[in-house]
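Following: one structure in structure tokens, then a few remarks.
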Amino acid sequence: MPSLRKTLSLLAIALALAACGGGAGGQVAATVNGTDITVAEVQAMRIDTGEGEGTIDKEAFATDLTGAIIDQVIIEVARAELAIEPTAAEIDAKIVQLTELISVAQGITLAEFLQNQGITESQFRVIANQQVIRDKLIEHFRPDVLPGSDADAELLRTAEGLGLVNACVSHILVATEEEAVAAKARIDGGEDFATVAMELGTDGTAATGGDLGCAPLSNYVPEFAQAAAATRLGVVTNPVESEFGWHVLLVRERDEPTLAELKDRITGDRINQLVDGWLLETLQDAEVVVNAEYGTWEAAPVPKVVPPTT
């Protein structure tokens, strides 16, 4: 079963939920608090319709209809109960922000991203509208949340340990301690780490000079992770034994969140829990009727449209 956070996400770019309203014509798929959502409106959300024009994949349609219902409920209630209604300027600013995030994360333009995802500009504007609503919900509930404290941050650091440390590491894996000692000696003598790794390494990273990329240290076996956490940057470690053999490590970069960043994360998690609780309650209180041809509405434990069995 999908998590509540995933189901209620207002930034589900891959599905591009459309803001639905009555009056678009066509057969009614569902009614939400008296507002009709038509089959045509739900189908318009999915550009990738696949083969068999005129047919409906009941499982895919139920997923899309769930998104349309969630979107409709949240927009209505946020406007009516909390006076949250994004302005055109706020949506434009969010589009700029999302475009910058896409550029940094993927190195592509917005147009390229939309083409890759099969999303229209109007659908992306809906996504931006949804994210503005989410941002406003977060700010609305922020005063009700106890901020993360130093003690909370220290507890989190203890609980997650090396999972909080992100490091960029290269290594040379060999079968014996003697081979590892010899590899380190060559590097200490001035040879290039990557060159030695390509010659001596016995795992798949040898071809790329031992580069393991950047990842949380909790991804690695304990002996390896602890050595990577303790060593000085740019200094080759003494041989380290693990279940895979013997390693010499070179940590190029290492990053660990500050106490302030951990406190912000804790506060953010608490706000998100409050927002998600509000969203769940809002959806479960909504009057939703789904056309039996397309499924039934299941409000708990996670609101969704259950596709028909026939």
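Read-outs: derived from the displayed coordinates by stated rules, not from any lab. Since we're looking at a predicted model, the values are computed, not measured. Every residue, glycine among them, receives a Cβ derived from its backbone with ideal geometry; neighbour counts consider all protein chains shown.
With a Förster radius of 45 Å applied to the C-beta separation of E261 and T310, the computed FRET efficiency comes to 0.30.
Values of log10 I(q)/I(0) for segment 61-190 across q = 0.13, 0.19 Å⁻¹ run -0.85, -1.15, by the Debye formula with one identical scatterer at each alpha carbon and no solvent. On the beta carbon distance between E154 and Q284, with R0 = 51 Å, the FRET formula returns roughly 0.90.
Relative to one another, the C-alpha centroids of segment 251-295 and segment 116-130 are positioned 21 Å apart. From the largest down, segment 166-255 spans 28, 25, 22 angstrom on the principal axes of its Cα atoms. By the equivalent-ellipsoid construction on the alpha carbon gyration tensor, the chain comes out with semi-axes of 49, 24, 18 Å, ordered largest to smallest.
Top mean-square fluctuation among K184, K263, K94, Gaussian network model of the chain, C-alpha springs under 10 Å? Taking springs between Cα atoms under 10 Å, the residue moving most is K184.
Dipole magnitude for the chain: computed about the Cα centre from +1 point charges on Lys and Arg Cβ and -1 point charges on Asp and Glu Cβ, it is near 380 debye. The slack in the chain from D192 to R232, taken as 0.36 nm per residue of separation less the alpha-carbon distance, amounts to 12.6 nm.
Model label points for E178 and A60, set 7 angstrom from Cα along the Cα-to-Cβ axis, are 6.2 nm apart. When the chain is described by a simple charge dipole with +1 on each Lys and Arg Cβ and -1 on each Asp and Glu Cβ, the residue from A197, I91, S103 located farthest towards its positive end is I91.
Mean residue ellipticity, 222 nm, helices only, the chain: the sum of -39500 (n - 2.57) across DSSP H runs of n ≥ 4, divided by residue count and rounded to 500, is -15500 deg cm²/dmol. Excluding same-chain neighbours fewer than eight residues apart, the lysines reachable from K304 by a Cα-Cα span under 30 Å are K6, K58, K94, K136. Placing pseudo-labels 7 Å out from each Cα toward the beta carbon at Q27 and S242 gives an inter-label distance of 5.6 nm. Computed from label points 7 Å out along Cα-Cβ, the spacing between L82 and T296 is 3.1 nm. The alpha-carbon of K263 sits under 12 angstrom from the alpha-carbons of these aspartates and glutamates, leaving out residues fewer than 8 places away in its chain: D150, D152, E154.
The GNM of the chain, with springs linking C-alpha atoms under 10 angstrom apart, assigns the highest mean-square fluctuation among V288, V32, V165 to V165.
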